[in-house]
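Notes for the one structure printed next.
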Ligand SMILES: C[S@@+](CC[C@H](N)C(=O)[O-])C[C@H]1O[C@@H](n2cnc3c(N)ncnc32)[C@H](O)[C@@H]1O
């Protein structure tokens, strides 16, 4: 397999193994309704040390990791450094990559920074877990090769494209970038992986006009109802594109024997059986005998497309994310946050209601917001772990989560105004353990 060479790689190769343990120290005054040791966590500190500190308790336990690392654009004018020249990373490179820091080119530095962190993230991931990484064109090609090496090539799942803006700056010199890559790898190809692209509640049963061999479907009478039609005997008859081919009796909106329909169905008999296992119901609502299907609540059955947009997935853009933050803080506190709807969409792709979600480049705390929102929607018990190294871990990251938990008085959304509920324990990193 081709591998990526970069300056400093040899020195950083096994660095994740020698990162010292620093204990997590909880800070009650900054925590919010803290509960037990299994509480949600917001950790202030370098994620390299924080990830190592999480290992004894969380190794192989995280179902979904979402990270949004610095894209290495070279832009240093933001409240966080979007490249690897932040004081923290400069100091870490000086101490740990024995190549002189000044000799490392910008991409080398970024790769040296990501390598050990990705290794530790992999150790924390459950065997059936996945990692999603937001990135842009500056490092996407390097990141794919790094991940091929660390996670192994067969564990590549997909490169999604999130529509980050509908209105890219018209002054863009070459290409107006509307989409942003989002890379997904799984921990182990040996585990069955089902990704869900959201819930399909139902609709008209798909028919296929092209010639195919599926002409007849038998529906179990228990799953079939009929509305707005008189009780009685229904004779075999042509109803537009569907034909009832067996005489059936209807009483109280229910068929008394299994109806057999003829048409050019897209669904196979196996699909019908699978849907019935999922408790999908079939309905005939009109004289035309078109068949509607209605899925039970919370069925997540749609396989995701690699395009994540508002129209397809109800996922917002950067502009929506800015509005969300403004609603919470009353001002523009953070550049380029991700929308909560994007993280909810990713979590829903893989997680059950009690899974743990980790974000080690937490920024404005969108991932915690997304987890709390999902829990409120379905009564789930998902947990989050957030790590942020900058001082605003308290004043932005944790503060957003406090506000979202306790309620945002001016929010338009009722649930957010009342508060989503929940808790977290705020932690810092203690001194090095030898
Ligand atoms: C692109 S922002 C993440 C934005 C986030 N997804 C949101 O929606 O607000 C990247 C964040 O990672 C943080 N970060 C960078 N290097 C880090 C490190 N070594 N440890 C912890 N956090 C780090 C930065 O301070 C910044 O807040």
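All of the numbers you see were taken from the coordinates with simple rules; none came from a lab. None of these values were measured; they are calculated from a predicted model. Positions of Cβ are backbone-derived with ideal geometry, glycine not excepted, and every protein chain shown enters the neighbour counts.
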- Query: Relative to the longest principal axis of the chain, what angle (0 to 90°, nearest 10) does the C-alpha long axis of helix 340-350 take?
  - Reply: 70 degrees
- Within the chain, helix-based [θ] at 222 nm, where runs of 4 or more DSSP H residues each add -39,500 (n - 2.57), nearest 500: -8000 deg cm²/dmol
- Item | Sorted by Cβ neighbour density within 10 Å, fewest at the top, the residues 137, 359, 373 | 137, 373, 359
- Return the single residue from 174, 340, 165 with maximal mean-square fluctuation; model: Gaussian network over the chain, springs between Cα atoms under 10 Å. 174
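Contact order normalised by length for the chain, with contacts defined as Cα pairs under 8 Å and 6 or more residues apart; what percent is it?
Working: 878 pairs, mean separation 103.4, N = 434.
Relative CO of the chain lands at 24 percent.
Quote the FRET efficiency, to the nearest 0.05, computed for residue 247 versus residue 381 with a Förster distance R0 of 41 Å and r equal to the Cβ-Cβ distance.
Numbers: r = 51 Å, r/R0 = 1.24.
Given R0 = 41 Å and the Cβ-Cβ separation, E is 0.20.
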- Task: Treat each spin label as a single point 7 Å out from the Cα along the C-beta direction, and report the residue 432 to residue 59 distance in nm.
- Result: 2.1 nm
- Across 10 Å bins beginning at 0, the whole-percent shares of Cα-Cα pair distances in segment 300-434 come to 12, 42, 35, 9, 2, 0
- Item | Taking 381, 16 and counting other C-beta atoms within 10 Å, the order from fewest to most | 381, 16
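Using 0.36 nm times the number of residues separating residue 174 and residue 270, minus their current alpha carbon distance, what extension gain do you get? List each step's numbers first, then the result.
Values: separation 96, 0.36 × 96 = 34.56 nm, distance 4.95 nm.
Contour length minus Cα-Cα distance gives 29.6 nm.
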- With each pseudo-label sitting 7 Å past Cα toward Cβ, what's the residue 153-residue 95 distance in nm, one decimal? 3.7 nm
- Hey, fewest Cβ within 10 Å first, where do 11, 49 land in order? 11, 49
- Message: Counting just the Cα atoms, what span does the chain cover along each of its three principal axes? Round to the nearest Å and put the largest first.
- Response: 85, 51, 48
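Cα convex hull of segment 326-392: how many Å³ per residue? Numbers along the way, then the final one.
Details: hull volume 6.0 nm³, N = 67.
Expressed per residue, the convex hull around the Cα atoms of segment 326-392 is 89 Å³.
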- Message: For the chain, take the longest principal axis of its alpha carbons; what is the angle in degrees between that and the long axis of helix 106-124, to the nearest 10 within 0 to 90?
- Response: 60 degrees
- Note on the structure: Taking a crude spin-label model, label points 7 Å out from Cα along the C-beta direction, the residue 235 to residue 13 distance in nm is 8.3 nm
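Provide the percentage of antiparallel DSSP beta bridges, counting only those with both residues in the chain; round to the nearest 5. Let's see the in-between values first.
On the way: 39 of 63 bridges.
Close to 60 percent.
Once you order the gyration tensor axes a ≥ b ≥ c over the Cα atoms, which shape class does segment 378-434 get: rounded for a/c under 1.5, otherwise prolate or oblate by comparing a/b with b/c? Display every interim value, and only then the final one.
Numbers: a/c = 3.77, a/b = 1.88, b/c = 2.01.
Cα axes put segment 378-434 in the oblate bin.
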- For segment 359-398, Kirkwood radius (reciprocal of mean inverse C-alpha pair distance, Å): 10.5 Å
